[in-house]
Amino acid sequence: QEIKKETTRINQYGQEVDAVPLKTEAQDGFIKWFSEDGNYKMWMDNRVQLDGYMFSNDALNELGNGFMIRRMRFAIKAEFWKNWYGEIDLDFESSATEIKDAYLKYTPDSKKWDFKAGHFKEGYGMETTTTSRYLLFMERSFASTFDPSRHLGFQVNSYGKKLLLIGGVHFNTVGDAEEVEFTKDANKDNGKDEGYSLTGRAVWTPINNTTRLLHVGAAATYRTPKTHWEDGAYRISTRSHSAVNRKKFLDTDDISGVDNVFGYTFELAGKYNGFMFQGEYKEHNVNMIEGVDASFKGYYAQAAYLLRGGNHNYNTKEGEFTRITPGSDKGDVELALRYDYIDLNDFDASIYGGSAEGYSVGLNYYVNPNIKFMANYVYHNHDRYADGKGKLFVGKDADGNLTKDWSNVYDADGKGGDDYGQFSIRLEVNF
Amino acid sequence: QEIKKETTRINQYGQEVDAVPLKTEAQDGFIKWFSEDGNYKMWMDNRVQLDGYMFSNDALNELGNGFMIRRMRFAIKAEFWKNWYGEIDLDFESSATEIKDAYLKYTPDSKKWDFKAGHFKEGYGMETTTTSRYLLFMERSFASTFDPSRHLGFQVNSYGKKLLLIGGVHFNTVGDAEEVEFTKDANKDNGKDEGYSLTGRAVWTPINNTTRLLHVGAAATYRTPKTHWEDGAYRISTRSHSAVNRKKFLDTDDISGVDNVFGYTFELAGKYNGFMFQGEYKEHNVNMIEGVDASFKGYYAQAAYLLRGGNHNYNTKEGEFTRITPGSDKGDVELALRYDYIDLNDFDASIYGGSAEGYSVGLNYYVNPNIKFMANYVYHNHDRYADGKGKLFVGKDADGNLTKDWSNVYDADGKGGDDYGQFSIRLEVNF
Amino acid sequence: QEIKKETTRINQYGQEVDAVPLKTEAQDGFIKWFSEDGNYKMWMDNRVQLDGYMFSNDALNELGNGFMIRRMRFAIKAEFWKNWYGEIDLDFESSATEIKDAYLKYTPDSKKWDFKAGHFKEGYGMETTTTSRYLLFMERSFASTFDPSRHLGFQVNSYGKKLLLIGGVHFNTVGDAEEVEFTKDANKDNGKDEGYSLTGRAVWTPINNTTRLLHVGAAATYRTPKTHWEDGAYRISTRSHSAVNRKKFLDTDDISGVDNVFGYTFELAGKYNGFMFQGEYKEHNVNMIEGVDASFKGYYAQAAYLLRGGNHNYNTKEGEFTRITPGSDKGDVELALRYDYIDLNDFDASIYGGSAEGYSVGLNYYVNPNIKFMANYVYHNHDRYADGKGKLFVGKDADGNLTKDWSNVYDADGKGGDDYGQFSIRLEVNF
């Protein structure tokens, strides 16, 4: 170990321990403990997001307004012995417990690559791998529902001059108590192996400096059935940019008899002074043991501008945008636009999960590094198949009555489906 | 920002960050990190309460003795950029998770008011807003069950010379996983708005110095039906000063068809050297959409004396008693008395929730700022309607047999109901 | 209090508080805050264990391979006012919450004894009282299922020159949300007292220095029925050295009508330079109110050698092995062997819980004080009664078909039962 032994102390068990004095600082408002030589560091990542949602009254379905704690996070992170890193990260939203990150990482002295083991995000989906602290809009786009997010497994990250390569093998998720129960029950009742996924991502950044960025990326994932799937079935669904609204318009319902899932995504992003843009195109193929394979797709494009002269920082090691640098002592204000789309219909495969467009406008106020306010307006254009598995109104029939049966919707094609606007705010504190 | 930039560092993403050195102290046994200028502060609030209860054998109903972890709290609190504050506070009692405080606060330089947003206690009920660390008795009085405690929302506190004003608008609670499920289900199934409450409190302290205090307060709350109510019904119940005993003698049962709830409370408190007293009168009106409105009430009066010369401190900013200052190096001992009463009967509205008196004696030993021992004896006088919704014995019938039907109780009026004593201890550690 | 008052500060409530400056150090990679006089100390104990299991294909029953977060722990511990100690310790494995340690402790100046109150491990079972951080094998031996582990209660530890004495009275456990519900329901429905246990342990260490140790111990526990038992019944079961495999071959099923449980254990352990050994013999008697009492037993013997010159440290105050001292700057490697056995059959009492042998080989790599890798191979020899309450195959019948009925197993006595090997790895980070 390259830690220099400043002092030797005797611990409570009579063992000699190396004691390295640590300094304490508030770095941009976040507490950090660290050794002079930088080989030991510890910090926290605590977060509260208070979200409120109001839905337009002209929706076909009743949508309930409300407030919620969207996230309540507690995390401790530490680097030690120069090359090692450990993290525990939990979310307590809804007074439940969810393991978020729980892993160890090894980085060699060269810092050209690292190796992770534990529970963390698979390298897939630029938007999904971006921490919720730094999201441009309150909720990620429709198509992020394709992204696997956190799973148990192993991952190697390679840091080239302009090239980031991420490859991992992953297993089940443990971030949801219900899914952990499915895993345990499948093991107990059937003795099934839990399945695996192979996921890779490549990011090329030919231009990457303080004021300009060009980011081109691609990722792919191959996934065998996992035992954390409910009833062994695959399913994609999303709540249309809100965690307050519990109605899931878009939902493929259970897809049973899956042989594997293969998804890929293309990323394009950039910045120019206070302006940034980011977009992804995603396709998700569900390959069946027998019968017709299904295919779904989605994409989004978003752009933002910092009004007070700040600029968007890019995290080269993770291939994503990170915290902004504000343009003034009073923080900064950001105007953001997004168009996103998802298509969970595959008529050949007899899957009518619905498709939808979202038009989003956002205003973000970065008061200081610890405080952020967000206001979003999103207009949804759901199609007539976005019926929450037959439970939601999708249009009017020939008699002008609301119907939940898309085949009875009297509107012209391309019309139909529940279209509505929503206004939302977030008050966020990070420390 | 008024933080002076002591040092500039480069963070892991290549961003320049302001680094302010922090000092670390144990302040009265609690760890605290802070900057020299006082603009950054961070501290913790951890707590374990081990409670044990023994019930008298002459109760009509079998009451089970036992021990429990009454509270196991973990909290991190921080002030940053001089005017901002954030907090996460969790309880893990019963190996469950409960969000307690989760909010951000803004205080202007004048410090004459502040603004809170998130999940925290509504400004109602002097006893309920007092932290469980500093309670005079192990459990709050009967009538505290009227107080709303923590809900999502926004609150303004105004600090006058002798006047404290608190006003807030609140929504649902997220401090109980079951209630969060009710909220989500109501949204999903019915698309109902979650309801709101308007709550205000005023406290006048004409006398307020180290040795003397006179506190006069009043609060009121107007509440529309909330979606976190089970089955959309309002209900008031209490476990009669014990969390070990799970029998709820006092329970209005579900009150359906509520238009709104309106409650108010009057507070009177004071101190004189080592002596303190505190009392509240509360009335709670449940106004129906149609049919007969119901009204409930309760009150308590308690007094305490510190035997070793210490005195009770008053927190002017929250309008409540806080940690005592012990009279000796060996801590202090406190003798406490309480009478409390609640009436959940409204015969006109056909609600037989029961009424009860409690006679309490308490002995508290403040060993040091981190350690507190409590011993309580409470004698309960429940009336014959305090039958736990027909599940508990409330007296003897004409044949001398135990009956759960109050109309069969042969005792004279004012007698009947299960009357019993309980002895309890608490060992508490705060750090 | 003997803390010297370095500074006096005014806290947020206007109270004078004693402020003692604290130092911060990384001690062997673990952060610690402490006062110069040693009267105040605070530290953390965070842990992630990533486990993966692969089972041999020739098992009679399908066993599912998989990964899991075996433990995700977060703990804060503090000593204050010289004689006092408090701790909160939680596990979030499976995205659930489990209270582990939650207690306060008093140690007099003599340090010859201490007193604990709260939720912590009963003094029984050398292997069970050893923290999971320092276990020799990934999972404790079969017979550890007899050990009570953590319960609410009170305990006195006495530290003699060569004699450690531990005695405690204990009540229910709160470390499992389901068991807490059983406790609450038993109180609510029946008003039952929660039961108690009396547990004592004595350890004699005639030889105990850096390189040599001889440890001889014994413990006993007397237990009345606890209300946290499911359906009021006693039950012993184990998952055969794996938390990934959910099939419980060994299981006594519910034993109803228990008057008390009496268990005892003998411990023998020692070390010689880099070599260590440890073994326990345990017997567990379930005494019935009426009918035939049942008796179960188990034992294990394990030994290990550090290949790079390190040695095993012994924690005299807890009577168990603790963290090793590595023999080189590159950490140390340990080779470990274990034989263990359990017998949950008592044919006289008509209990066919099964018996089993385990043959274990382990390889541990202590990279540094924060990082540990483990690899285990275990071969199980279950008997024909180890049928998971009739749900698992235990052999082949006369026709050569798999059967779950032990009376149909055609093999010779001593054969039969599901025998299989398992290979597992653990990546562990502590900080």
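The values are calculated or read from the model by the stated rules, or taken from the named source; none is laboratory data. Keep in mind it's a predicted model, so treat the numbers as computed, not measured. No Cβ is skipped: glycine too gets one built from the backbone with ideal geometry, and neighbour counts run over all protein chains shown.
What to note about this one:
- Residue match in region C:92-110 (condition: without any contact (Cβ under 8 Å) to a residue 40 or more places away in the chain, touching a Lys or Arg at 6+ places or on another chain (Cβ under 6 Å) and within 23 Å of C:V429 (Cβ to Cβ)): yes
- Failed item, numbered, when A:A75 is tested on (1) under 17 Å from A:Y40 (Cβ atoms); (2) more than 7 Å from every other protein chain (Cβ to nearest Cβ): (1)
- Filter result for the condition that a residue is more than 9 Å from chain C (Cβ to nearest Cβ) and modelled with pLDDT under 95, over A:K121, A:K161: A:K161
- Within region B:328-342, the residues that satisfy the criterion of being away from every other protein chain (no Cβ under 14 Å) and surrounded by fewer than 21 Cβ atoms within 10 Å (Cβ to Cβ) are B:V333, B:L335, B:A336, B:L337, B:Y339, B:Y341.
- C:V174 meets each of the listed conditions (1) assigned to a strand (DSSP E or B); (2) within 12 Å of another protein chain (Cβ to nearest Cβ); (3) of a type in the set (A, V, I, L, M, F, W, C) apart from (1).
- Taking the numbered list (1) at pLDDT below 95; (2) within 26 Å of A:A59 (Cβ to Cβ); (3) crowded, with 16+ Cβ neighbours inside 10 Å in turn, B:D231 passes all entries but (3).
- Within region A:235-261, residues that are in contact (Cβ under 8 Å) with a residue 40 or more places away in the chain and facing chain B (nearest Cβ under 10 Å) sit with their Cβ atoms under 7 Å from residues that are among the hydrophobic types (A, V, I, L, M, F, W, C) and not in a loop (DSSP other than H, G, I, E, B), at 6+ positions apart or across chains, in these pairs: A:A243/A:M68; A:V244/A:M68; A:N245/A:F55.
- If only residues of region B:55-114 that are out of contact with any strand residue (DSSP E or B) (no Cβ under 6 Å at 6 or more places or on another chain), part of a loop (DSSP other than H, G, I, E, B) and of a type in the set (G, A, S) are counted, the one that is surrounded by the fewest Cβ atoms within 10 Å (Cβ to Cβ) is B:S110.
- In the condition set (1) at pLDDT 75 or above; (2) more than 14 Å from chain A (Cβ to nearest Cβ); (3) buried (at least 18 other Cβ atoms within 10 Å of the Cβ), C:K32 is compliant with all but (2).
- Residue pairs meeting the criteria (Cβ under 8 Å; at least 6 apart or on separate chains; first under 16 Å from C:G52 (Cβ atoms), in region A:189-206; second at pLDDT below 95 and part of a loop (DSSP other than H, G, I, E, B)): none
- Region A:278-295, residues that are surrounded by fewer than 18 Cβ atoms within 10 Å (Cβ to Cβ) and either among the aliphatic types (A, V, I, L, M) or closer than 14 Å to A:L136 by Cβ (or both): A:M288, A:I289, A:V292
- Residue that is surrounded by the fewest Cβ atoms within 10 Å (Cβ to Cβ), among those in region B:244-255 that are assigned to a loop (DSSP other than H, G, I, E, B) and in contact with a Phe, Trp or Tyr (Cβ under 8 Å, 6 or more places away or on another chain): B:D254
- Residues of region B:366-380 that are touching a Phe, Trp or Tyr at 6+ places or on another chain (Cβ under 8 Å) and either among the hydrophobic types (A, V, I, L, M, F, W, C) or surrounded by 17 or more Cβ atoms within 10 Å (Cβ to Cβ) (or both): B:V367, B:N368, B:P369, B:N370, B:I371, B:K372, B:F373, B:M374, B:A375, B:N376, B:V378, B:H380.
Conditions tested, residue by residue: (1) more than 14 Å from chain A (Cβ to nearest Cβ); (2) more than 22 Å from the chain's Cα centre (by Cα).
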{"residue": "B:A186", "(1), (2)": "no, yes"}
{"residue": "B:Y196", "(1), (2)": "no, no"}
{"residue": "B:R201", "(1), (2)": "yes, no"}
{"residue": "B:T224", "(1), (2)": "no, no"}
{"residue": "B:G232", "(1), (2)": "no, yes"}
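- Residues located in region A:385-431, provided they are hydrophobic (A, V, I, L, M, F, W, C), over 30 Å from A:P369 (Cβ atoms) and surrounded by fewer than 16 Cβ atoms within 10 Å (Cβ to Cβ): A:A398, A:L402, A:A412
- Condition check for A:M68: among the hydrophobic types (A, V, I, L, M, F, W, C) and touching a helix residue (DSSP H, G or I) at 6+ places or on another chain (Cβ under 9 Å): yes
- Of all positions in region B:155-165, none carries a residue that is surrounded by 17 or more Cβ atoms within 10 Å (Cβ to Cβ) and closer than 27 Å to B:S240 by Cβ.
- Scanning region A:213-237 for residues that are out of contact with any Phe, Trp or Tyr (no Cβ under 6 Å at 6 or more places or on another chain) and part of a strand (DSSP E or B) yields A:L214, A:H215, A:G217, A:R223, A:Y234, A:S237.
- Hits in region A:296-314 (condition: surrounded by fewer than 18 Cβ atoms within 10 Å (Cβ to Cβ) and either among the polar types (S, T, N, Q) or assigned to a loop (DSSP other than H, G, I, E, B) (or both)): A:L307, A:R308, A:G309
- Whether a residue is within 25 Å of A:G123 (Cβ to Cβ) and of a type in the set (K, R) was assessed, and A:K248 does not pass this test.
- Cβ pairs under 7 Å, 6+ apart, first in region C:18-41 and of a type in the set (V, I, T), second modelled with pLDDT under 95: C:V20/C:I3; C:V20/C:E6
- Of all residues in region C:115-148, exactly one satisfies the criterion of being part of a strand (DSSP E or B), under 30 Å from A:T183 (Cβ atoms) and free of Cβ contacts under 8 Å to residues at least 40 places away in the same chain, namely C:K121.
- Considering region B:35-53, the residues that are more than 9 Å from chain C (Cβ to nearest Cβ) and farther than 30 Å from C:I31 by Cα include one that is farthest from the chain's Cα centre (by Cα), namely B:Y53.
The rows are residues; the columns are (1) charged (D, E, K, R); (2) farther than 30 Å from B:L152 by Cα.
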{"position": "A:A386", "(1), (2)": "no, yes"}
{"position": "A:L392", "(1), (2)": "no, no"}
{"position": "A:K396", "(1), (2)": "yes, yes"}
{"position": "A:N401", "(1), (2)": "no, yes"}
{"position": "A:D413", "(1), (2)": "yes, yes"}
{"position": "A:S424", "(1), (2)": "no, no"}
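- Some residue of region B:287-307 being touching a His at 6+ places or on another chain (Cβ under 6 Å), polar (S, T, N, Q) and either in contact (Cβ under 8 Å) with a residue 40 or more places away in the chain or more than 25 Å from A:S95 (Cβ to Cβ) (or both): no
- Pairs are defined by a Cβ separation below 8 Å, a sequence spacing of at least 6 or placement on different chains, a first member in region B:405-423 that is more than 16 Å from B:E357 (Cα to Cα), and a second member that is of a type in the set (V, I, T) and assigned to a loop (DSSP other than H, G, I, E, B); the pairs so defined are B:D405/B:V394; B:W406/B:V394; B:V409/B:V394.
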